[in-house]
Amino acid sequence: MSRVILLWSGGKDAMLALCHARQAGHQVMALATFAPPEPRFLAHPLPLVRRQAEALGLPHLLVTIEAPFEQSYETELSRLQQEWNLDGVVTGDIDSVGGAPNWIRERCQPLGLTVHTPLWQQSRQALLADLLARGIVAHLSCVDTRVLAPEWTGRTLDAATLAELQQLAAIQGFDACGEQGEYHTMVTDGPGFAAPLRLDGWLVARQDHLAYLAEPQG
């Protein structure tokens, strides 16, 4: 059994990768989110990410990275490798972005860490069907309004929503899994959750061409 950390955004792909990693027999030691100093993620709010980790019963590691990023990532991955006695890293990456090499694979290679990408280049239809079959509940936390209308923000990725999304993707030619930034998700329930998370009171906010879920204040 290999000891791994899982790179965690809180989205559907990270959750699906967690399911696959455990099914493959890996021991997931912690969820790690790499972020700049004082991060503010529109698509993946950190307070919700921390609640996910608590619900899953796993430590959440917020790992600060700074320029030069190649060196910073490798330094922090090496530190985690030593602290957690790691054999590898798991990611929810589905495909390369803009044809670029896989960033984490490139950073882990000098360290001798194995990178597991269980979703890599799988059929989008199969991945979305797998999401439903495993009972993963995800919501669109951020959409690119140049691709999807703002009203998609907050929708649950249930069977009806996924069917509509896949139909639009086929017509418009975008990635049905949102791998090119068309949309992002946050998971509120799934295998291993002690209890579902609630999104009571969250509002839809806008910034440039993005519509996103904003946590209620106060």
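The values are calculated or read from the model by the stated rules, or taken from the named source; none is laboratory data. Quantities reported herein were computed from a predicted structural model and do not represent experimental measurements. Counting neighbours? That spans all protein chains shown, and the Cβs are built from the backbone with ideal geometry, glycine included. Protein only, heavy atoms only, side chains kept; ligands, DNA and RNA dropped before computing areas. Shrake-Rupley method; radii C 1.70, N 1.55, O 1.52, S 1.80 Å.
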- Can you work out the accessible area per residue across the chain, with the rest of the protein chains kept in place, probe 1.4 Å, in square angstrom? 47
- Query: Where does the chain land at 222 nm, in deg cm²/dmol rounded to the nearest 500, when only DSSP H runs of n ≥ 4 count, each adding -39500 (n - 2.57), divided by all residues?
  - Reply: -9500 deg cm²/dmol
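At a threshold of 8 angstrom on Cα-Cα distance, excluding pairs fewer than six apart, so keeping six or more, what relative contact order does segment 33-111 reach in percent?
Reported as a whole number, the value is 29 percent.
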- Measure nothing fancy, just the Cα-based angle from helix 69-84's long axis to the longest principal axis of the chain, in degrees from 0 to 90, nearest 10. 70
- Message: Under a Cβ-only charge scheme (Lys and Arg +1, Asp and Glu -1), can you give me the dipole magnitude of the chain about the Cα centre, in debye to the nearest 20?
- Response: 380
- Note on the structure: Measuring from its Cα centre, segment 1-92 shows a charge dipole (+1 at each Lys and Arg Cβ, -1 at each Asp and Glu Cβ) which, in debye to the nearest 20, is 400
- Roughly what would the spin-label model give for residue 158 and residue 96, points 7 Å off Cα along C-beta, in nm? 4.0
- Note on the structure: With Cα coordinates, the longest principal axis of the chain makes an angle with the long axis of helix 124-133, in degrees rounded to 10, of 90
- Message: I want to check the label-to-label distance for residue 171 and residue 38. Put each point 7 Å from Cα in the C-beta direction and report it in nm to one decimal.
- Response: 4.4
- Quick one: compute the contact order of the chain, relative version, from alpha carbon pairs under 8 angstrom and 6+ residues apart, as a percent. 24
